[in-house]
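Here is the structure we will look at, set down as structure tokens.
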2 protein chains.
Amino acid sequence: MANYRKPVANQDGGQIKRKLSAAERRTAYIEGAIRCFSEIGFDASTREIARFLGVTQPLLYKYFPSKEELINEVYRHVYLGRWGKNWASQLHNRAIPIRERLIDFYIDYYRSVFDRDWLRIYLFSALRGAKINKWYVEMLEAQVIRPIALELKRELISTEGQNASEAEVEAVWSLQSSVYYYGVRSLVYEVEPSVDVATMIANSVDSLMAVFPNLSSGREQT
Amino acid sequence: MANYRKPVANQDGGQIKRKLSAAERRTAYIEGAIRCFSEIGFDASTREIARFLGVTQPLLYKYFPSKEELINEVYRHVYLGRWGKNWASQLHNRAIPIRERLIDFYIDYYRSVFDRDWLRIYLFSALRGAKINKWYVEMLEAQVIRPIALELKRELISTEGQNASEAEVEAVWSLQSSVYYYGVRSLVYEVEPSVDVATMIANSVDSLMAVFPNLSSGREQT
DNA sequence: TGTTGCATTTATCATACGATAAAATTATGA
DNA sequence: TCATAATTTTATCGTATGATAAATGCAACA
């Protein structure tokens, strides 16, 4: 960044360079805010955020009209910025056996999404009652949980074109829970689990696949 | 409470009555604080708590030396107040099959511990970095998770007197995760799962029992 | 070089917070 | 009934917060 070569064309290049730089600075402010909010919560003062960024507090108000808007930008970065674009196709790729597919996906998911900052922001926003949190859980069910349930049903029970029962969906939620809570214990509570994440995921997938065929028979919903 | 009969003995009875009443008031303050902290977080102001209790703010300082001490009392009430004293013996009662024992225990555990206030206080205190939270997770592992792993090992693999492997312990954590995250989704995120809690617990227990025998062979730890 | 427009800081405001002291109220016991 | 102690309220302090306006710094351009 130190020896970034200035564009030769002054008029357009200069203006674009300046504008981009301003946008990048704004992004840097958001990312600094993420780290502050992650540590302290959304009650982190604007002065603390500014001090962390090495600027003065009123400057933030030139980039964000209010603290609440800064928080909304943080939401967008955290929730939208880490979603894998090829997860959907990855989950449906029947060239790979379902067990391997699930293990690969959850290892990828865990590495992409879960870290201390993300989980803490996720928890803080949930406790603040942010609508985006409920939205995220619903998206997770629609984009990940239910597709997995369908793929399992097709591979293990070979009933094409049928919907997954609610008990089957809930069983996939159990897998999701295992991965999620493993992350929370390790990254938020800081009680290091004694089994590595890949082993935990493989065992949880096996556990799900072992119980899954028993869930299709019987009642749809109570 | 309106027609509570005063004790006849004035000297002792009167004093005891007054002391008890003061202690009860203090307890009522703690419980009101729990409801405030649960909604707002530990940044709920002492003025808000006092308003919720129908008293003035400085009065709280006659019962608690500081806000931090009030928070500590809240911790004690929340974390220690709901622990079932007979859970340990319940989990070891071999007169009942292990599957039924686990289902009964987790239904009992869910009903006793999980509600909106408890879970939110739990999450808020975890994010504040309260040591009591780490302590709770460690106690859970020692009092619940590891005993369950041992009972499962003895019943499913019939190897008496042997310790549970870390993979086995982690598998029980997966069961715990399913129950926990079910509660969080339902009570904190307010995304109602479509399967009732008893069914979810039964399926999760079956899932654990199905995978458990595969975990004993092989490596102890990686 | 001087001027124009943007970026940043200094100074400030109204409000809310945790906490304390003093006054006022209420209950207790002779 | 009255004095004494316990309980609750009013008044207040110093500090921290979100937000705004005015002043300063600074790079680009002629």
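The C-beta contact set for the range B:51-69 (first residue near DNA strand D (Cβ under 7 Å from one of its atoms), second residue of a type in the set (S, T, Y), distance under 8 angstrom, 6+ apart or interchain) comprises B:Q57/B:T46.
Of the helices (runs of 4 or more DSSP H) lying entirely inside the range B:85-149, those containing at least 1 residues that are within 16 Å of B:A202 (Cα to Cα) and among the charged types (D, E, K, R) span B:98-113. What are the residues in the range B:36-51 that are surrounded by fewer than 16 Cβ atoms within 10 Å (Cβ to Cβ) and either hydrophobic (A, V, I, L, M, F, W, C) or under 17 Å from B:R128 (Cβ atoms) (or both), if any? Of everything in the range B:36-51, those that are surrounded by fewer than 16 Cβ atoms within 10 Å (Cβ to Cβ) and either hydrophobic (A, V, I, L, M, F, W, C) or under 17 Å from B:R128 (Cβ atoms) (or both) turn out to be B:E39, B:D43, B:S45. Among the residues making up the range A:181-211, a single one is assigned to a loop (DSSP other than H, G, I, E, B) and more than 7 Å from every other protein chain (Cβ to nearest Cβ): A:E192.
Could you grab me the full set of residues in the range A:33-51 that are farther than 13 Å from A:I121 by Cα, in a helix (DSSP H, G or I) and either more than 13 Å from DNA strand C (Cβ to nearest atom) or within 14 Å of another protein chain (Cβ to nearest Cβ) (or both)? Hit for the range A:33-51 is A:E48, nothing else.
Listed here are the residues, each with its yes/no results for (1) crowded, with 17+ Cβ neighbours inside 10 Å; (2) on the phi < 0 side of the Ramachandran plot; (3) within 12 Å of chain A (Cβ to nearest Cβ).
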{"site": "B:L119", "(1), (2), (3)": "yes, yes, yes"}
{"site": "B:K134", "(1), (2), (3)": "no, yes, yes"}
{"site": "B:V144", "(1), (2), (3)": "yes, yes, no"}
{"site": "B:P147", "(1), (2), (3)": "yes, yes, no"}
{"site": "B:K153", "(1), (2), (3)": "yes, yes, no"}
{"site": "B:S158", "(1), (2), (3)": "no, no, no"}
{"site": "B:Q162", "(1), (2), (3)": "no, yes, no"}
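Filtering the range A:56-69 to residues that are crowded, with 16+ Cβ neighbours inside 10 Å and outside any helix (DSSP H, G or I) leaves only A:F64. Scan the range A:164-180 for residues that are more than 22 Å from A:E100 (Cα to Cα) and at the interface with chain B (Cβ under 7 Å from one of its Cβ atoms) and the total you get is 2. Might you let me know whether the range B:95-107 holds any residue that is surrounded by fewer than 11 Cβ atoms within 10 Å (Cβ to Cβ), under 30 Å from B:L156 (Cα atoms) and either within 16 Å of DNA strand D (Cβ to nearest atom) or modelled with pLDDT of 95 or more (or both)? Looking through the range B:95-107, at least one residue is surrounded by fewer than 11 Cβ atoms within 10 Å (Cβ to Cβ), under 30 Å from B:L156 (Cα atoms) and either within 16 Å of DNA strand D (Cβ to nearest atom) or modelled with pLDDT of 95 or more (or both).
Within the range A:160-168, the presence of at least one residue that is farther than 30 Å from A:V78 by Cβ and among the hydrophobic types (A, V, I, L, M, F, W, C) is confirmed. Among the conditions (1) over 26 Å from A:I157 (Cα atoms); (2) exposed (fewer than 15 other Cβ atoms within 10 Å of the Cβ); (3) of a type in the set (A, V, I, L, M, F, W, C), A:A33 misses just one, which is (2).
The values are calculated or read from the model by the stated rules, or taken from the named source; none is laboratory data. As the structure is a computational prediction, the values presented were derived from the model and not from experiment. Note: ideal-geometry Cβ built from the backbone for every residue, glycine included; neighbour counts use all protein chains shown.
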